[in-house]
Amino acid sequence: MSTLSVIIPTWNTSIITLANVTRLLGLNSPKLEIIIVDNASTDNVTVLKNLKNIIYLRLSENQGYGAACNAGAKIATSDYLLFLNSDMEIIKGLNSLLSFAAAHPHVGITGPQFLNPDLSIQGSVFPPQNLTNAFKEFWLGKKSYSKFAPSSPNPTPVWALSGGAMLISQQLFTQIGTWDNRYHMYYEDLELCRSVRQLGFDIIYYPTCQFIHRHGASGHSLASPQNQWRRLIKSSQIYHGLIYHYLLNLIIWSGQKFSPFKSIY
């Protein structure tokens, strides 16, 4: 069976990271390597440093999610890497997720089903982030741009997955050239998926494996609720380019303001 390194960046989320790691350690898998990458947290990191059977790596400053993932990948020793947000918690199916990826070499990234804390299904799949889909959603009221969850209970090819939980082989990750450090937070998952698609590999949503996702735990302290959207701007400009970024935002802003379907958002 293939081996697995789980890489968990954390920034001031020691308590939920502890819950995440505790569930993983409870799997009692001898082929599971757990690496916590601390992005210079200032909360109670002692609870993480003192954990047994994990690797704890502390960075000197908060370098962002992708950079922390890269730091963990450099010291990982397994065949596969699972990049996992600190606010995730395994429910079931991790071995199945790994076995599926190992049995399908054409698959580049595999991601589990996300659940809300009440165990309802949470969207974790991105449709193509283009002008057409933005117009359909924000002007015509058709959900075609926001994250969603495929309805099929079977493995499903998708355009892109949320970076909350991404499984990729060590070999392909090295070939891609790691996470793009230009992104401090947000859009780095879309960039990684784009790199995988460009190499001709599939991206698969795998609902047999499930994780609870307490969405946005790290980011809540970075901005007030009404200003959370501002944190997306820089990364969107990098990913889309300036002109496309502004066209997309014009469609979204004008649709939310003038569309007869604006009440659905």
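Quick one: which of LEU140, LEU82 is buried (at least 20 other Cβ atoms within 10 Å of the Cβ) and touching a residue at least 60 places away in the same chain (Cβ under 8 Å)?
Details: LEU140 fails: buried (at least 20 other Cβ atoms within 10 Å of the Cβ).
Only one candidate passes the filter, namely LEU82.
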Would it be correct to say that PRO153 is surrounded by fewer than 17 Cβ atoms within 10 Å (Cβ to Cβ) and either more than 14 Å from PHE201 (Cβ to Cβ) or aliphatic (A, V, I, L, M) (or both)? yes
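Of all residues in the range 55-70 being among the hydrophobic types (A, V, I, L, M, F, W, C) and surrounded by fewer than 19 Cβ atoms within 10 Å (Cβ to Cβ), which is nearest to HIS184 (Cα to Cα)?
The first filter runs over the range 55-70 and keeps only residues among the hydrophobic types (A, V, I, L, M, F, W, C), leaving 55, 57, 59, 67-69.
From the residues that got through so far, the ones that are surrounded by fewer than 19 Cβ atoms within 10 Å (Cβ to Cβ) too are 55, 57, 59.
Numbers: ILE55: 23, LEU57: 18, LEU59: 14 Å.
For the range 55-70, the residue satisfying everything is LEU59.
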Meets criteria (touching a residue at least 24 places away in the same chain (Cβ under 8 Å), surrounded by fewer than 20 Cβ atoms within 10 Å (Cβ to Cβ), closer than 23 Å to PHE211 by Cβ and in contact with a strand residue (DSSP E or B) (Cβ under 8 Å, 6 or more places away or on another chain)) for LEU97: no
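Does the range 102-111 include one or more residues that are within 24 Å of LEU232 (Cα to Cα) and either crowded, with 18+ Cβ neighbours inside 10 Å or touching a residue at least 12 places away in the same chain (Cβ under 8 Å) (or both)? Break it down into steps so the answer makes sense when it comes.
To start, the set of residues in the range 102-111 that are within 24 Å of LEU232 (Cα to Cα) comprises 109, 111.
Checking the rest, the ones that are also either crowded, with 18+ Cβ neighbours inside 10 Å or touching a residue at least 12 places away in the same chain (Cβ under 8 Å) (or both) come to 109, 111.
Yes, the range 102-111 contains a residue that is within 24 Å of LEU232 (Cα to Cα) and either crowded, with 18+ Cβ neighbours inside 10 Å or touching a residue at least 12 places away in the same chain (Cβ under 8 Å) (or both).
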ALA134 vs (1) in contact (Cβ under 8 Å) with a residue 60 or more places away in the chain; (2) surrounded by 15 or more Cβ atoms within 10 Å (Cβ to Cβ); (3) within 25 Å of THR10 (Cα to Cα); (4) touching a helix residue (DSSP H, G or I) at 6+ places or on another chain (Cβ under 6 Å): all pass except (3)
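Conditions (1) modelled with pLDDT under 95; (2) among the small types (Gly, Ala, Ser); (3) out of contact with any Phe, Trp or Tyr (no Cβ under 6 Å at 6 or more places or on another chain), marked per residue:
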position	(1), (2), (3)
SER124	no, yes, no
ASN130	no, no, yes
ALA134	no, yes, no
GLU137	no, no, no
LYS143	yes, no, yes
PRO150	no, no, no
ALA160	no, yes, no
ALA165	no, yes, no
ILE176	yes, no, yes
Any residue that is part of a strand (DSSP E or B), under 19 Å from ARG194 (Cα atoms) and not hydroxyl-bearing (Ser, Thr, Tyr) - is there at least one of those in the range 86-101? no
The residue that is nearest to LEU161 (Cα to Cα), considering only those in the range 106-125 that are among the hydrophobic types (A, V, I, L, M, F, W, C) and either in contact with a Cys (Cβ under 9 Å, 6 or more places away or on another chain) or not in a loop (DSSP other than H, G, I, E, B) (or both), is VAL125
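The values are calculated or read from the model by the stated rules, or taken from the named source; none is laboratory data. Remember, it's a predicted structure, so these values are computed and weren't measured experimentally. So basically every Cβ, Gly included, is an ideal-geometry build from the backbone, and we count neighbours across all protein chains shown.
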